[in-house]
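Remarks on the structure that follows.
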Amino acid sequence: MRIPINLANSVRYKARQLPFSTACIVAGLAVYPLSIALAAPVITVLAVIRNTFFAPESHFMNSIEFAIVVGVAAASVGLAIGLLQKQIVGSHFGVDLGRWRLISALGACVAIAVIVYIVENKECLLAAMRSPLGDSYYDYYQFMLSLIFTPMIQFALVLSAIQTLFLYRYVRSAWLWLAANVVAGALFFWLVIYVFGSTSLMSWLVAAIAQSALVGYAMRYLMTQRRRGGKAKRDETSIS
C-alpha cells in the first residue's frame, strides 16, 4: 500500500532544517567531538588488549600500537568529515555522494601518513628546499615554508586532493574543492598563529568557523552550479 505524501507537511519539514551556512559551521565544529566519539571505543579496546597480553617494555609492540592508534584516529577524523559532509549535501541538495565516507576515511589516513613522514624527515626536507636558492633567500619564502610544514594545511591538501579525484566523476571544476580546502586550512593557521597568536578556545572557534564557512561556500557552488550534465532541479538530482 502506497502512503500518500502530504506536500504541505513536507514543505514545513524542509523549512525546519538548518540554513546551509549554519549547517556547515555546526558540522565543522562537530567534526572534533564526533571524531573522538568514533575513535575512543576502538582505542580503549586496543589499550585493554595491549595491557592484558603484551609486556609494557616491548618496543616492537610500542611501534605497532602507535601505528594502529594513529591509523584509527585518522580514519575516525576522515569518517566524521565524510559523514557530516555527505549528510549536508544530501539534505540540502538531494545529492547522494555514494562512497564519500569511505573516500574521506582513506584520504585522512593517507594525509596523516604524509604528515608523519614530513615530521620524521623535516630537517632533510628543509635542507633540500633551501639549497637551490641559498640562505640569502630564506627570509623570502620562510612564510611559505611555515605553511607547507603546517599539519592543518597538509591534512587539508591531501584529503581534499583524494576527495577531488572522486568529485571529478560528478562535477565540473572539481579542482575548486581542492583549492578551497587548502585556502581554508591556511586561513585556519593564519588566524590562530598570526591574528590571535595563541591556541585558546576563542581562536580555535573563530578559525574553525571561518574554515567551515569557506569550505561550505565551495561545496554549495559545486553542488548547485557546476554539476556535469547541465542544471537539474534540486529535488530531482541524485548522484550514486
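The values are calculated or read from the model by the stated rules, or taken from the named source; none is laboratory data. For clarity, every value in this text was computed on a predicted model and none was experimentally measured. A quick note on method: Cβ atoms are made from the backbone with ideal geometry, for glycine too, and the neighbour counts reach across all protein chains shown.
Listed here are the residues, each with its yes/no results for (1) more than 20 Å from Thr224 (Cα to Cα); (2) assigned to a helix (DSSP H, G or I); (3) modelled with pLDDT under 85.
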residue: Ser21; (1), (2), (3): no, yes, no
residue: Pro33; (1), (2), (3): yes, yes, no
residue: Val42; (1), (2), (3): yes, yes, no
residue: Arg50; (1), (2), (3): yes, yes, yes
residue: Phe60; (1), (2), (3): yes, yes, yes
residue: Val70; (1), (2), (3): yes, yes, no
residue: Ile81; (1), (2), (3): yes, yes, no
residue: His92; (1), (2), (3): no, yes, no
residue: Ser104; (1), (2), (3): yes, yes, no
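Could you count how many residues in segment 73-114 are under 18 Å from Ile43 (Cβ atoms) and of a type in the set (Ser, Thr, Tyr)?
Within segment 73-114, residues that are under 18 Å from Ile43 (Cβ atoms) and of a type in the set (Ser, Thr, Tyr) number 1.
Could you grab the pairs with beta carbons closer than 9 Å, sequence gap of 6+ or different chains, first residue in segment 199-226 and without any contact (Cβ under 8 Å) to a residue 12 or more places away in the chain, second one of a type outside the set (Val, Ile, Thr) and assigned to a helix (DSSP H, G or I)?
What qualifies is Met202/Phe196.
Taking the stated definitions as given, is Gly107 of a type outside the set (Ser, Thr, Tyr), within 21 Å of Tyr221 (Cβ to Cβ), touching a residue at least 12 places away in the same chain (Cβ under 8 Å) and crowded, with 20+ Cβ neighbours inside 10 Å?
Against the criterion (of a type outside the set (Ser, Thr, Tyr), within 21 Å of Tyr221 (Cβ to Cβ), touching a residue at least 12 places away in the same chain (Cβ under 8 Å) and crowded, with 20+ Cβ neighbours inside 10 Å), Gly107 qualifies.
Does Leu125 meet the test of being modelled with pLDDT under 75, more than 27 Å from Val69 (Cβ to Cβ) and surrounded by 14 or more Cβ atoms within 10 Å (Cβ to Cβ)?
In short, no.
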